[in-house]
Structure formats: C-alpha cells, structure tokens
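The values are calculated or read from the model by the stated rules, or taken from the named source; none is laboratory data. In this text, all values refer to a predicted model and were calculated from it rather than measured experimentally. With ideal geometry, Cβ positions are generated from the backbone for all residues, glycine too; neighbour counts draw on all protein chains shown. For accessibility, only protein heavy atoms count, side chains too; no ligands or nucleic acids. Shrake-Rupley method; radii C 1.70, N 1.55, O 1.52, S 1.80 Å.
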Amino acid sequence: MNRIRYGAAIAAAGFLLVSLGLPQSRRSGRRAAPEPRAPFLLESLSYEEAAPGARAVLKNGMTVLVHETRTAPLVAVRAYVSRVGPLAADDTLAELMGALVCRGGESGGAGTFRQRVHALGGVFSRSTDPGHNLLEIVAPADRWRQALVLQADAMGHPSFDPEVVRSESSLLAAEARARRAQPGEAARAALFEEGSGRAAPGRDGEPTAGDPEGIRAAFAAAYTPAAMTLVVAGDVRSSDILNEIVRLYDMSPKPPVRASGRPARRPEGFRYRALRREGPQAGILFGFRTGAAGGGDSAATEVLAALLGGGRSSALEARWGEREGLLLGARALVADAREMLLLEAETDGADIDRAELAVMTEIERIKRREPERAEMERAIGCLERSYWRALETVGGRAALLARCEFSGNWKRMQSYPSEWRRVEAREVRQAAVRYLGLDNGVLVECLPGSAGARSVTAAVVKKTLEGLLPAALEEAERKREKEVVYAPVLPEERGRFEPSEVQYPLRTASILRGPELYIQEDHSTPVIDLGLFYPGGRRAETAENAGITALMLEAMMPPAALRQVEILGGAVESVAGDDFFGVFLSVPSANFEAALEPLSRAIRDPEFVPEAVAWKKRVRSAELAGRKDSLDAGMRGMEGVLFRDSAYALTGGEEASALPALTAEDLELWHRETMRRRKPVVAAVGDTTGTALAARFVKDFSGSRMLGEERKGEFVEPLEKGSVLEAGGARPGRMLIVGYPAPPEEDEDLYALRVLEGYLGGMGRLAQQLRDRLGVAWHADFVLRPRLLGGSVAAVALTGDEGGEGALEAMRAELDAVGRRPPASHDFRAAQAAAAGMHRIRRQERHARILEMVRHFMAGKGLDEYREFERNLGGVTGEDFTAAAARILRPERAVVLKIGERAGAGGAAVPETRGEER
C-alpha cells in the first residue's frame, strides 16, 4: 500500500514540474476542493494497513479485515458472529441459528439463499465453534459485491417460519447422529464435552425445535453488527470492500462485542470416558488443556504437537508405529478454539493399554530431554507445510487472517514461519512440562465392540498409567541406546523469500528418451509440489491382487528416507487411483534436489522388506476397516455393480480380502512390471523458473532403456440394465446413491456433464429440493467421476432414519426430469456459472491441479484444451445439456444403492463408562 502511495506522490510531483514549465493562460484564485474521504473512513473508529492487508473497526462495532491476493480469480467472504447472549452456552441453539441464517434472506422473489449463491458460481459453508458461528461464501472475484450483498441479507434476515425451524432442527439432529457414529468424531465430541463440561449438539439425537419467537429474540440479541467480524480475502480492493460493507450494514454506533469461547469454569483434574466402536481396532484420544492461542508459548506448543504427531516420521509414528508395531496411526494438533493439544492414535483392540502407556512414555521423554536439532527441523517443517498449504486457497488465507485477529494480533499472518523458527528446544520441553500432565488431561477410549467391559474410573486409569510409566520409560531408553541412527542431512538456512503473485501459464518440457513434464511456475509460496505418475492403478489389478498398487507405494519408501525428506521440510504422499498411480513430493524449493534424491532412489530401486510389508498390510487393513461406512465406500459399492465386468468394479471389501495374501515378492514383481524403467508423467507447480526443473530428471528418469506405455484396456461397456440393491451399514440414517455409467474422459460430452454437475450438484437442484424445500436429506449432491476408460455420475443423499424413501423418490424425479425437458434459461446460466466456479475453486489446491493435469494429458488431450476449460464450458448450449442428460440419465440403466443402519449393529459410539478423578 505504501509503495502505491509513494508512486502516486512521484507521479504527482512529475506532473507538477511539467505543468510549471508550460505557459499558463489563467490562474484560479481559489484553492482546489479537497478530495472527499472514502465513505468507510467516515464510519470507522480505527483503520490500519499492514502487510496482510487492512483492518477497520467501524462505529457500529463491526471489525472488518481485508486481504488482497491475486493468486486466484476468487474471493472468500467469512462472517464470524461472536457467541454472546443466548448463544454463549447453548451449542444446539447456535447450530440451529447458523442453519436458519442459510434459509432466509429478503430476495424479493430472486430465489432462496442457496439458489442465489449457486447463480453466482459460488459455494457456502457454515460451522460453529465455542466462540463463533461462521458463514463463508467463496465466489468468483468479479462477483464480490453480490457475495457481500447475499451474506448481509442472510445474516440480517434468517427464516423463523415454524416449518423451516422444525425441518432444520430435525435435519441437524440426523446429521449430528451420523457424524457422532464415526469413531473419530465421537471421540472428539466426548473429549470436548469432558473438557468443557457441556454436552455437544445433538447428543441425545432428538430434534431440538423451539419456539420460533423465542429463537427470533435470541437472534436479535446475538446477531448484531457489533458481534460480527468480517474477513475477506481474494482478488479485490480493500477500499471497495469496506465501502460496500458500510453501505450494507446498519451503522448505528455500538461498542464491539466479543466472546472468548472459553467456558466460565473448565473442569479440572484428569477425566476419562470410554466409547464403543465397530471393527477390531481401538482408538485413543488424549486432550491436554493449553494456554490461549497467541499466548507467549503458543508457538512452542504448536512445535511440540508437530514433534509428537505431525507427519509420517513423528515421534509417535516413528517409534511406536512400524518399529514397535503398536500404533497403526498417530496425529497431534493444537485446537485453538478449544485451547487443547490433541493426540489421537489407533491400535489393535488388545493393545489399547500399551498404546496409552506408549503415548505417555513419549511425552515423558520430551519432558526430560530437549529435542535434537533434526527433530526440531522436522517438526517446524511440518508446521510450515501446513501454513503454505493454507495460503493456496482464498478460504485458507481468510481463515488464517481470522485466526490472527482472534489471537490478538491480526498482523501475525506473515510471521508464523519466523515465530516457529525462533522456538528453542528448551521452550518445547518447558511446554511439555507445563501442559502434558495427566492432571491437566482428558482421555477418551474407543473400544472395539468385541472387547470386554472396562469397569474403571478416571482415578484408576490415572493411577495405573503413573505407576507403569517409570519402568516403561526406562525400557524405551534402553532400546534407543542400542539403535543405529543414520545422521540426516540438515537443511541450510534459507534466505528471505519474497512472494510474487504473477500468474504464469502451464508449460511443457521434454527430456530425450525421458518423460514429458508439465510445469506451472508459481512464486506465491517457497514450495515446489511435484507429481510423478504412471499409467495403471486399480484398473490394472485383479480380484486376486486388489490393493497391490497402494501397498507397493506405501512399502516402497523406507522410514529413513521419509524422515530425511521431512527434516528437509518436505512430505511424500502416495496416490493409487483408478487410471494412474504415483507420488506427490512437496518440499521447499531450496531443498528440492536434496529431497528428490531419496525419492528417486526409492522409485528406481526399492527394497521390499518382508517385516515392513507385513506392517504396512496391518496399517492398510485398519484404514479400510475405518472407511467401510464412508461415502466413498458407498460410491465404490455402486460402481462395483455399474462396472461389473471391469477392473473399475473392485471394491474396498475385495481389497481387504486380497491384502493378507500379498507378499514382498509380489510387490517386487509388481514394481518391475509397472514402474521400473518406465517413463512417468511429471507435473509440477511451484517456486521454480520456467522449465529449469526438467534438467533434474535426466539422471534417474531417462535413457535408452526407459519404456513408454500406451493406455491399456478397452473402453468400459455401458451397463444396459440397472438394479436396486440394499445393504446394511453401521452409521445411523440412510445413504442413498443413484449411479449411471458415463463416457470416458476424452468424450465430447465431458463439458456438458460438468454443466450437469453444476446444475444438480453442489449448491444446485438436488440440495435445493431435498434439503431446503422438502427437508428429507441433510446432504444431497451430484458427482461426476471421470476415468480414462469410462466414468460414472451419481446422485447422493444422506438422510435420517425416516427420510429415506421420500428422499429417493424426490431424487429420482429430479434425475428423470432433467433428461426430458431443458431447464429454464436462468437455471442453465446458473449451472454454467456453478460449473466454472467449482472448477476455479478446485484448481486452487496444487495437488488437485496436478491430478487434473495428469488425467487430462493421459487422456491424450492437448495443452490448449487444458487452458481453455472454462471457455469450453461456456460453449455448452442448452441443447447440448439436455441431449447429454437424456443419454446418460436413463432410468433403466440406474444402479440404486440403499444403505441403512443394521438392526442391533450398535454402530454409533455410545458411552459405556465415564468419570472424573475424585
């Protein structure tokens, strides 16, 4: 901003010098009238500009923050409402209020809130945390004004219609029951209940409709401009945003109202609860109370969390995962809104006590010994990766700016990396001593349904852990002394990074006898995201070796190599798709070559150790068991029927059945057949110059013996006759899927199908009808899943226990109608806008962009078509749309899958024992 002012001053001075040198015919005796002040300045109590953007506190008490970024032609508008008055302690009322806001608005016949967001080409989301209700709209940047108008209208005029209140209450209760049936969600809800002393929304699973007039009064007391913080990030100008906000909201003077979100009195002492879950695995969740976000030791606490459970080489994963064979997965994070550090892990049901002791042993070790520099580098690199990832999207930037505002310093947004870098090892140890004690913690166990009853109390659990801890720590230290640890390469100190938001086009590069590379230069963050992908994936597998590609990728990279990449600030992520497979490497550009070397070595000449493969099989089995009631598993089940005679038909159940028989020798043979000396497709986005990256692939990925590979397999034959199937499930409510075969990626109908997805999916017709108008489904969507040999489209609805048949009938009616008659012109234009908007929103994330590139170019499409995607969407006519819908959405070809809760399955995690230390 200051540069702009200095430039304007220089230009004005130059103009003055020129004008003085020219003859003047007449001079005015009056001074020029002063330039009027911007409207927002007249209504501001304070106004600041800094590196992250601008901040204004208006006379009506509202705080507005604007972050200008040109990384994508999008804008995110986030409205945070402090939970004050009746909302402060009533989570259920706060959830209901957030939902009613999305059902109101004084549109004057222009449609519902959802329809109007859809017509913008945008999406909205809402959430509730202890301190705020949040409503976010993400839309194309040139629609920023309409997005602000929509949000202000919704925030000022929710619906209090008794029927809407009843419907939303019922839908929220059904959604809460379904979410709490997921073990991780259930454990977190239980932990936050124990930590805060108040029940989570929907705990009793009953509709919570109240008196509409009472809800209206609560709204009037809570949803005032003085309680609002608006955060806008995107390709906008701060002054335009602020002026429009001043125009839209009541500017009557009020002092700002803010809520801390902290309960008046948090329960103290060690607390414990046990839940039941489906499957053979058990889960544990520790929560430790911490200081407020932005406090003096918050950076050290975040480093501590990353040290324990951030990344695949964290202290818990590296020590107690593959090496000890105990934890099947472990994660740690700091939950700002809850002021807690969370440690989550999975283990076999018989090992739950050992797993809890292992977590406390690792914590005790950090309390007694400062972390080494390599571990500090790894932990800080993990935090920096998450930070740079958040900056990829306008929504992530807005959320980060809001986090800074609520932690007390909105100008921190660009200083997080430097704050983490200043943390010393002794500060991490001090944070562990200060916060990670059992007296300051909560433990939630998720026990497998087959486990015996545990009649224990918080006091017994605490006494047991404290009694076993000294011997466990001594044993762990004895084992460490005998281990051989290879000295890692430590990253050199990086120079100062100056971001640039210049947008560069996608470029191609070729290596003689090597791969094609697709590179997009992007200097908005100091990171390179690279994808190396090979043709094949699930479609090359059979029922006998289903899942071998995913297992090979996970077993290919040795733990020492993964740790080295993470110490360099990077991460490796494997992808086993339907048509291709490979790995992502994300790493700071300064360390790219050092991180690429161990990855290249693993791809070129992996060593599949039988013991390591056996461990990866255990981990993969646990992952599959945890996903069996997910929406993705339901979609795979539907496609198992849709693609009955194709490799695309393989489901998670078939993978789980084939997994135990796979051996290290099988993986070696599969690697030789699918990867060794084969040319990958390489796609990269990040902090590189032009196509200079290509030279780094000459050594390991080119040569006379490298093989190219043409696409294998025949196009999938469309299913001629559909079917209706029913299946049991552990989650409450019903999952309804109606699927149809779709043409392959290269088909000319792809663009019409994307517009159809925009019409029916997202904010479109299905959600408008099934949720807003009929109130029979708490989630409805329409999804296109393109593939190289044949894809699928599917309508999805998630309902409560009673809404299944009504939702299915309404869904099929909408699907049948769209192929018989064209939509109204305004609905068709909204569908095109939605398709283009969803495409922009998806492309923000680098990994999603890379996968799109790989799928596009593997389908044999050209660079021009990739660049012109949105223009091609705009070229779809109403006739194209209707004809494609009629060809694809044929009722006789539909596969209908109805998944419902099994009688007596006990799928929902329910309390078994609970207690507190006495």
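For the reader, a short list of remarks on this structure follows.
- Cα extents of segment 762-895 along the three principal axes, largest first (Å): 48, 32, 28
- Over 20 Å [Cα-Cα, segment 667-788], rounded percent: 70 percent
- Dipole of the chain [Lys/Arg +1, Asp/Glu -1 at C-beta], most positive-end residue of TYR272, PRO448, LEU41: LEU41
- Simple label model, 7 Å out from Cα along Cβ direction - GLU852 to GLU48, nm: 3.6 nm
- Treating each Cα of the chain as an identical point scatterer and summing with the Debye formula, the log10 of I(q)/I(0) at q = 0.05, 0.06 Å⁻¹ comes to -0.30, -0.44.
- Rule-of-thumb Rg ratio for segment 762-833 [Cα; 2.2 N^0.38 Å; N residues]: 1.18
- In the chain, helical runs assigned H by DSSP with n ≥ 4 each contribute -39500 (n - 2.57); averaged across all residues and rounded to the nearest 500, the mean residue ellipticity at 222 nm is -13000 deg cm²/dmol.
- Pairs of Cα atoms farther than 24 Å apart, segment 39-248, %: 46 percent
- The chain - percent relative contact order, Cα under 8 Å, separation 6 or more: 15 percent
- Taking the square roots of 5 times each eigenvalue of the Cα gyration tensor of segment 604-727, largest first, gives ellipsoid semi-axes of 34, 22, 17 Å.
- Look at the dipole of the chain built from charges on Cβ: of ALA335, ALA458, VAL876, the Cα furthest out on the positive end belongs to ALA335.
- As an equivalent ellipsoid, segment 503-701 spans semi-axes of 30, 19, 16 angstrom, where each value is the square root of five times an eigenvalue of the C-alpha gyration tensor, largest first.
- DSSP beta bridges in segment 503-701 [antiparallel fraction, %, rounded to 5]: 85 percent
- Averaging 1/r over every pair of different alpha carbons in segment 467-543 and inverting the result gives a Kirkwood radius of 19.2 Å.
- The charge dipole of segment 788-841, taken about the Cα centre with unit charges on the Cβ atoms of Lys, Arg (+1) and Asp, Glu (-1), comes to about 500 debye, rounded to the nearest 20.
- Whole-number D in µm² s⁻¹ for segment 327-404, Kirkwood Cα-pair radius fed into Stokes-Einstein, 20 °C, 1.002 mPa s: 142 µm²/s
- Set LYS367/LYS616; LYS367/LYS479; LYS616/LYS699; LYS463/LYS616; LYS462/LYS616 screened for pairs whose C-alpha atoms are more than 24 Å apart: LYS367/LYS616; LYS616/LYS699; LYS463/LYS616; LYS462/LYS616
- Accessible area per residue was computed with a 1.4 Å probe on protein heavy atoms; TRP410 scores about 10 Å².
- Among beta bridges from DSSP that stay inside the chain, the antiparallel ones total about 80%.
- Near LYS616, once Lys and Arg are set to +1 and Asp and Glu to -1 for all other residues with Cβ below 11 Å from its Cβ, the sum equals -1.
- Dipole magnitude for segment 81-162: about 280 debye, using +1 per Lys or Arg Cβ and -1 per Asp or Glu Cβ, origin at the Cα centre.
- Difference of contour (0.36 nm per residue) and Cα-Cα distance, SER386 to GLU424: 11.7 nm
- For segment 226-313, projected area of the alpha-carbon convex hull averaged over all directions, nm²: 12.2 nm²
- Binned Cα-Cα distance frequencies in segment 854-904 - 5 Å width, integer %: 4, 14, 12, 12, 15, 15, 11, 7, 5, 4, 2, 0
- Accessible surface of LEU631 - all protein chains present, 1.4 Å probe, nearest 10 Å²: 60 Å²
- The reciprocal of the average 1/r between distinct C-alpha atoms defines the Kirkwood hydrodynamic radius, which for segment 271-478 equals 17.8 Å.
- DSSP beta bridge pairing in segment 723-901, given as percent antiparallel to the nearest 5: 75 percent
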